[in-house]
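Structure record follows, encoded as structure tokens.
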Protein chains: 2
Amino acid sequence: MTTKNPGADLAAFAAGLKFEDIPTDVVRKTEDLLVDWFGSAVAGHGSRPVETIAKFAQTMGPAEGPSEVIINGRRTTPYFAALANAAASHVAEQDDVHNGSVFHPATVVFSPAVAVAQALGASGKQLIAASVAGYEVGIRVGEFLGRSHYKVFHTTGTAGTLAAAAAVGNLLGLDAQQMRHAFGSAGTQSAGLWEFLRTAADSKQLHTAHAAAAGLASAYLAKDGFTGADRIFDGPQGLAAGMSSDSDPAKLVDGLGTRWATAETSFKYHASCRHTHPAADALAQVMRECKLKPADIARVVTHVHQGAIDVLGPVVDPKTVHQSKFNMGTVLALVAKYAHAGLPEFDDHFRDADVMALRDKVEMVLDPEVDGAYPRRWIGKVTVTTTDGRTLHGRVDEPKGDPGNTLSRDEITAKALQLAAFSKGADEARMRAAVDRLWNVAQWPKVAALL
Amino acid sequence: MTTKNPGADLAAFAAGLKFEDIPTDVVRKTEDLLVDWFGSAVAGHGSRPVETIAKFAQTMGPAEGPSEVIINGRRTTPYFAALANAAASHVAEQDDVHNGSVFHPATVVFSPAVAVAQALGASGKQLIAASVAGYEVGIRVGEFLGRSHYKVFHTTGTAGTLAAAAAVGNLLGLDAQQMRHAFGSAGTQSAGLWEFLRTAADSKQLHTAHAAAAGLASAYLAKDGFTGADRIFDGPQGLAAGMSSDSDPAKLVDGLGTRWATAETSFKYHASCRHTHPAADALAQVMRECKLKPADIARVVTHVHQGAIDVLGPVVDPKTVHQSKFNMGTVLALVAKYAHAGLPEFDDHFRDADVMALRDKVEMVLDPEVDGAYPRRWIGKVTVTTTDGRTLHGRVDEPKGDPGNTLSRDEITAKALQLAAFSKGADEARMRAAVDRLWNVAQWPKVAALL
């Protein structure tokens with residue numbers, strides 16, 4: 001698509017997208033992503049930063065309303081439900097990720113979309129169409145903002161306002177011009193800095209909450225005639241001018257209507273920052289194939305892309321469970337010992353003496369091949385030196401959860417049940433029933449409470 | 001003050017500031033600023049973008065609560081009152097401005113501070129101390145972010161989250177560490193791009209609403225233990241890293257406790273972007289002293305700083321009243337004809353044929369002296385060429401409203417009454433009574449509804 005105003009074309013696409021336009025395999029994938037998100041939202045139950053945001057929502061918002069706060073079953077307005085559910089669904093670091101944009105779509109798309117669908121009494125098909133609109137927009141905005149943006153900004157927070165506005169705007173029936181205004185309002189509220197990670201602060205939950213709520217507000221305001229910048233993406237004082245040095249407007253409309261970026265989204269298998277997953281899977285391969293034990297390891301070199309170094313590099317001695325998910329050494333040590341770095345492994349073992357000892361044997365080095373393929377492909381490469389002097393190599397081209405190495409519906413269901421069991425956000429019977437219902441979302445005449 | 005972490009020192013100052021610490025003249029000035037802000041808030045009544053934001057607050061927020069929405073007298077929670085009042089108090093372009101930071105403090109400080117003071121039953125003295133904390137912080141953050149930031153970002157929106165967090169955090173009694181966390185949460189939500197101005201969009205009201213609400217939320221969250229980045233200002237992935245190329249951390253603590261930046265704040269005399277005021281006053285001087293009529297003017301050259309060209313330059317043929325306030329030609333044409341560019345002049349005459357004809361005779365040129373003094377001093381210089389061939393020069397070193405050329409309390413009261421009369425936000429008797437009460441705010445045992 002060639003265009004004079006790619007942002008306007010993206011808005012027109014988001015406004016006009018209908019369920020019937022979406023290929024069946026993309027619909028099925030969206031259902032997968034929705035169930036996976038739901039598990040992550042339930043996983044937020046009991047998490048301190050999430051509960052704090054939910055308490056704020058309760059203090060400032062109404063005590064009743066059409067929309068569900070998933071971690072506690074309360075009802076409120078869609079604004080506060082979106083805020084609380086977006087905070088909840090990103091904290092376990094188990095929600096999905098789109099490789100090319102380095103963007104976590106589910107938390108900032110489904111949280112507002114479900115809350116608004118409940119408020120409007122929208123159908124399951126409408127929810128799916130709106131969610132795909134959110135994914136397609138958010139992913140393209142992330143790709144547009146580029147790698148320079150991600151060095152400082154948490155793209156899920158920044159592009160997230162646009163993704164949320166697209167999803168909610170689609171549900172509200174915005175026309176193309178209104179959607180353009182919604183994008184203007186959403187983009188001028190884009191925010192989220194990586195600085196918090198350095199001291200293990202709670203901001204990641206605030207970023208997703210903020211993006212979901214600000215994007216939702218932008219769509220509602222646009223429905224009511226509130227206007228936004230015409231060229232919020234590529235204007236001389238727009239998003240890219242302020243927050244990127246390698247933006248590419250063509251990415252905003254890349255394959256619009258033919259390339260379904262939603263279907264490119266990866267599930268997370270390990271409960272850590274996605275930047276650790278390729279190396280984690282490559283190490284697991286070496287451990288498995290060479291029948292190594294953790295004590296056999298003298299040193300692990302992970303060959304990574306620059307983005308991994310930018311995000312993970314500052315985290316040297318993680319003090320909290322959440323921070324440890326951004327420490328390459330901790331993740332690899334857990335994988336070496338338990339074959340999987342899931343929620344219980346982090347919670348119970350991230351400060352174990354043997355895990356910390358192994359952690360400190362792991363280093364990251366920039367790898368030209370891996371960096372060249374990134375962010376399109378996330379290749380995992382490790383070199384393991386053993387205590388008896390061997391040098392072993394591991395490599396994965398698609399870490400577990402990527403589209404070519406995806407999770408089955410049984411695995412997604414199992415993951416959601418594990419997340420609920422871990423957080424105690426719902427007992428097994430209730431969670432299983434909710435997940436079973438949710439697999440049929442496309443048949444729902446109205447989106448009701450999920451739990 | 002020398003320090004290793006200026007942001008932490010600023011947080012400690014904001015947390016610790018008490019009424020007794022503030023010099024009397026600064027308290028008096030803060031009362032002036034509060035009354036001036038109140039007039040601007042009432043002026044938002046009936047404005048479409050403001051009413052749209054207020055309607056959103058009403059849709060999503062509770063229908064009752066301790067805090068006052070000034071444009072319609074409704075009550076709600078402090079979050080939504082702050083949101084609506086901040087939207088309201090910036091739209092008439094009559095709210096105050098701090099020259100050195102190019103930051104409008106009142107709208108993002110008093111809106112959340114008054115709403116929270118009403119919710120807590122805080123005293124007038126507590127409200128004043130909290131407001132001064134907000135001013136001192138917001139102004140220093142604006143100065144820290146520098147001129148490069150202002151080229152793309154609307155500093156009132158970005159620094160505004162910090163100002164609001166400081167004011168609300170002071171009212172909530174945050175300790176120094178909690179305030180640091182509040183700053184981290186506020187800074188990671190900083191947002192607001194100038195792009196909207198190019199198409200006369202409504203974002204300026206959204207920026208102040210967003211800043212007030214996000215800053216308020218940050219303070220409440222911090223009170224409840226929610227953490228933020230330790231070095232949100234000057235960290236390698238903090239505000240300056242992402243959004244400035246000429247930041248100066250020393251400005252964050254410049255004269256903290258001895259230099260009262262609050263008292264440096266200017267009132268607006270004309271109802272337009274402050275960048276137009278120096279030239280407007282210089283032209284008014286020429287008109288007055290040379291007894292010119294508008295028809296005598298063949299050409300006006302305004303000698304300005306670069307910031308004026310950045311913000312006003314894109315606005316060539318304003319289509320809305322609000323946009324016309326960012327067009328140097330319109331402002332100067334109104335001043336030439338009416339001696340004052342107030343709300344009625346803009347609303348009734350910005351598209352008059354003679355105003356538009358005179359508008360197009362005005363140009364801006366960068367002036368080294370003016371640019372060198374900016375932003376510390378906003379010098380106004382114009383060269384007028386008359387139809388009979390004369391070349392006349394006007395110059396003001398302190399435009400009307402600056403600290404050395406300030407408004408008296410009678411002028412502030414009169415301005416507030418005019419704003420209320422113009423917007424019909426309150427009838428004269430009610431507004432006069434409210435303003436009379438507000439002058440005594442320092443004696444109030446509890447901050448009650450203002451109107």
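The values are calculated or read from the model by the stated rules, or taken from the named source; none is laboratory data. Fair warning: this is a prediction, and the values are worked out from it, not measured in the lab. A quick note on method: Cβ atoms are made from the backbone with ideal geometry, for glycine too, and the neighbour counts reach across all protein chains shown. With ligands, DNA and RNA removed, areas are computed over all heavy atoms of the protein, side chains included. Shrake-Rupley method; radii C 1.70, N 1.55, O 1.52, S 1.80 Å.
Observations on the structure shown:
- For segment A:131-144, the criterion of a residue being in a helix (DSSP H, G or I), within 14 Å of another protein chain (Cβ to nearest Cβ) and open to solvent by 10 Å² or more (accessible area, probe 1.4 Å) is satisfied by no position.
- B:Lys55 being of a type outside the set (A, V, I, L, M) and either within 14 Å of another protein chain (Cβ to nearest Cβ) or open to solvent by less than 10 Å² (accessible area, probe 1.4 Å) (or both): yes
- Test set (1) over 25 Å from B:Gly61 (Cβ atoms); (2) facing chain A (nearest Cβ under 7 Å); (3) in contact (Cβ under 8 Å) with a residue 40 or more places away in the chain; (4) not small (Gly, Ala, Ser) - B:Gln237 fails condition number: (3)
- Conditions (1) buried (at least 24 other Cβ atoms within 10 Å of the Cβ); (2) over 19 Å from B:Ala434 (Cα atoms); (3) not small (Gly, Ala, Ser); number of the one not met by B:Asn85: (2)
- Residue that is surrounded by the fewest Cβ atoms within 10 Å (Cβ to Cβ) [pool: residues in segment B:166-214 that are facing another protein chain (nearest Cβ under 9 Å) and β-branched (Val, Ile, Thr)]: B:Thr199
- Criterion: within 23 Å of A:Glu195 (Cβ to Cβ), open to solvent by 30 Å² or more (accessible area, probe 1.4 Å) and not small (Gly, Ala, Ser) - qualifying residue of B:Lys4, B:Lys18: B:Lys4
- Boolean, A:Arg147 is within 28 Å of B:Gly228 (Cβ to Cβ), among the basic types (Lys, Arg) and open to solvent by 10 Å² or more (accessible area, probe 1.4 Å): yes
- Boolean, A:Arg231 is assigned to a loop (DSSP other than H, G, I, E, B), within 7 Å of another protein chain (Cβ to nearest Cβ), open to solvent by 10 Å² or more (accessible area, probe 1.4 Å) and touching a Gly at 6+ places or on another chain (Cβ under 7 Å): yes
- Residue within segment B:239-251 that is closer than 16 Å to A:His207 by Cα, open to solvent by 10 Å² or more (accessible area, probe 1.4 Å) and either at pLDDT 95 or above or not assigned by TED's automatic domain parsing to the domain that holds B:Arg376 (or both) present: yes
- Across segment B:22-43, the qualifying residues are those that are under 14 Å from B:Phe110 (Cβ atoms) and hydroxyl-bearing (Ser, Thr, Tyr), and the one among them that is surrounded by the fewest Cβ atoms within 10 Å (Cβ to Cβ) is B:Thr30.
- B:Leu221 modelled with pLDDT of 95 or more, assigned to a helix (DSSP H, G or I), within 12 Å of chain A (Cβ to nearest Cβ) and crowded, with 24+ Cβ neighbours inside 10 Å: yes
- All positions within segment A:240-270 that are among the hydroxyl-bearing types (Ser, Thr, Tyr) and away from every other protein chain (no Cβ under 14 Å): A:Thr258, A:Thr262, A:Thr265, A:Ser266, A:Tyr269
- Exactly one residue out of B:Thr320, B:Thr391, B:Thr330 is outside the structural domain of B:Ser203 (by TED's automatic domain parsing) and over 27 Å from B:Asp36 (Cα atoms), and it is B:Thr391.
- Pick from segment B:58-71, criterion open to solvent by 20 Å² or more (accessible area, probe 1.4 Å) and under 27 Å from A:Ala182 (Cα atoms), ranking: nearest to the chain's Cα centre (by Cα): B:Gln58
- Single residue of segment A:384-401 satisfying the filter (open to solvent by less than 20 Å² (accessible area, probe 1.4 Å) and in contact with a Phe, Trp or Tyr (Cβ under 7 Å, 6 or more places away or on another chain)) that is farthest from A:Ala280 (Cα to Cα): A:Gly401
- Filtering segment A:311-322 for residues that are modelled with pLDDT of 95 or more and hydroxyl-bearing (Ser, Thr, Tyr) leaves an empty set.
- Hey, B:Gly401 under 29 Å from B:Tyr374 (Cβ atoms) and not aliphatic (A, V, I, L, M) or not: yes
- The criterion of being surrounded by 21 or more Cβ atoms within 10 Å (Cβ to Cβ), more than 22 Å from the chain's Cα centre (by Cα) and not aliphatic (A, V, I, L, M) does not hold for A:Arg274.
- Residues in segment A:341-383 that are open to solvent by less than 60 Å² (accessible area, probe 1.4 Å), without any contact (Cβ under 8 Å) to a residue 60 or more places away in the chain and not in a helix (DSSP H, G or I): A:Phe350, A:Asp352.
- Among residues of segment A:423-446 that are without any contact (Cβ under 8 Å) to a residue 40 or more places away in the chain, those with a beta-carbon under 8 Å from a residue that is among the aliphatic types (A, V, I, L, M) at least six positions away or on a different chain give the pairs A:Asp427/A:Ala420; A:Glu428/A:Leu417; A:Glu428/A:Ala420; A:Glu428/A:Ala421; A:Arg430/A:Leu451; A:Arg432/A:Leu417; A:Arg437/A:Leu450.
This table checks each residue for (1) farther than 16 Å from A:Glu31 by Cα; (2) assigned to a helix (DSSP H, G or I).
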residue	(1), (2)
A:Thr385	yes, no
A:Leu392	yes, no
A:Arg395	yes, no
A:Lys400	yes, no
A:Ile412	no, yes
A:Lys415	no, yes
A:Leu419	yes, yes
A:Ala426	yes, no
A:Arg430	yes, yes
